[in-house]
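Asks: Here it is, the structure, as structure tokens.
The values are calculated or read from the model by the stated rules, or taken from the named source; none is laboratory data. These numbers were taken from a predicted model, which means no experiment stands behind them. Neighbour counts run over all protein chains shown; Cβ positions are idealised from the backbone, glycine included. Only protein heavy atoms, including side chains, enter the accessible area calculation; ligands, DNA and RNA are left aside. Shrake-Rupley method; radii C 1.70, N 1.55, O 1.52, S 1.80 Å.
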Amino acid sequence: MDPARITRHSHRQPRPMVPFCGPFALTAGRAHEFCGAARRRLALWLARGTTGPVLWIRPAWHPDRPHMAGMVEEIAPGRLVFVEPTRASDLLWSMEEALRSGAVPLVVGDLPEPPALTPVRRLHLAAEAGAEATGRAPLALLLTPGDGGAPGVETRWRLDPTHKSPAPGAWHLHRIRAREAPPGDWPIRRGPRGAPEIAATPAAREPA
């Protein structure tokens, strides 16, 4: 398949959006990055905006494992399918193959460090191919430690807990990078039904 044709086709067609936190949504058929201490919780909020299984790929050798009790608070655990490659080279390869198949709406790569530009571009193309093959655009999500930094991603977001807040369940969301929106930051809390929303405080900045 000609990658140039896929790219041209994707630029002509509007892509679906996947909500993940209050008014914010991510473009399907592309690769995005979440970083920060609460990046996995942010990924679960994104998973709430999808239906069907979520493929979660992480290194088998890494001691930093998802906290299952915390995951249950966000989505039904039966939706999560964990894949744990034993070789570093298989992490992004597994993501790429899953995206190209279009079998699941969300493919999460829980990585020990940000990938290089070429692998990120390959994820974009694999997601486009999956959308063309099935008519449903899968979304690639990279989870990276610290401030992240994967080049070529569609957007980069950071979520951190605000431990000093008097209310339980409070976070701070940063939009670090986006192709069509400026950087920004917002306090986040749980709404009446448990979904995340922008806290109504003077410090909150409206999304662009």
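Asks: If Thr51 meets every condition in (1) of a type in the set (Val, Ile, Thr); (2) open to solvent by 60 Å² or more (accessible area, probe 1.4 Å); (3) more than 15 Å from the chain's Cα centre (by Cα) apart from one, which number is that one?
Replies: So Thr51 meets the others, but not (3).
Asks: Would you check if there is a residue in the stretch 126-140 being at pLDDT 95 or above, under 17 Å from Phe24 (Cα atoms) and touching a strand residue (DSSP E or B) at 6+ places or on another chain (Cβ under 6 Å)?
Replies: So far as the stretch 126-140 goes, yes, one or more of its residues are at pLDDT 95 or above, under 17 Å from Phe24 (Cα atoms) and touching a strand residue (DSSP E or B) at 6+ places or on another chain (Cβ under 6 Å).
Asks: For Thr155, are the conditions met, namely being of a type in the set (Ser, Thr, Tyr) and under 17 Å from Arg40 (Cα atoms)? Let's see the steps before the verdict.
Replies: On the way: of a type in the set (Ser, Thr, Tyr): yes; under 17 Å from Arg40 (Cα atoms): yes.
Taking the combined requirement at face value, the residue satisfies it.
Asks: Answer yes or no as to whether His174 is touching a residue at least 12 places away in the same chain (Cβ under 8 Å) and either open to solvent by 20 Å² or more (accessible area, probe 1.4 Å) or among the aromatic types (Phe, Trp, Tyr) (or both). First the steps, then the outcome.
Replies: On the way: touching a residue at least 12 places away in the same chain (Cβ under 8 Å): yes; either open to solvent by 20 Å² or more (accessible area, probe 1.4 Å) or among the aromatic types (Phe, Trp, Tyr) (or both): yes.
The answer is yes for His174.
Asks: Any chance the stretch 93-102 includes a residue that's within 23 Å of Pro19 (Cβ to Cβ) and without any contact (Cβ under 8 Å) to a residue 40 or more places away in the chain? Please lay out each step first, then the result.
Replies: So the first thing to find is which residues in the stretch 93-102 are within 23 Å of Pro19 (Cβ to Cβ), and the list is 95, 98-99, 102.
With the extra rule that they be without any contact (Cβ under 8 Å) to a residue 40 or more places away in the chain, the set shrinks to 102.
Yes.
Asks: Okay, moving on. List the strands (runs of 3 or more DSSP E) inside the stretch 76-164, counting only whole elements, that have at least 1 residues being surrounded by 21 or more Cβ atoms within 10 Å (Cβ to Cβ).
Replies: Working: elements: 80-83, 106-110, 139-143, 155-161.
Of the strands (runs of 3 or more DSSP E) lying wholly inside the stretch 76-164, those with at least 1 residues that are surrounded by 21 or more Cβ atoms within 10 Å (Cβ to Cβ) span 106-110, 139-143, 155-161.
Asks: Here is a check on your reading of the model: is Val72 modelled with pLDDT of 95 or more and among the β-branched types (Val, Ile, Thr)? Working first, answer last.
Replies: On the way: modelled with pLDDT of 95 or more: no; among the β-branched types (Val, Ile, Thr): yes.
Taking the combined requirement at face value, the residue does not satisfy it.
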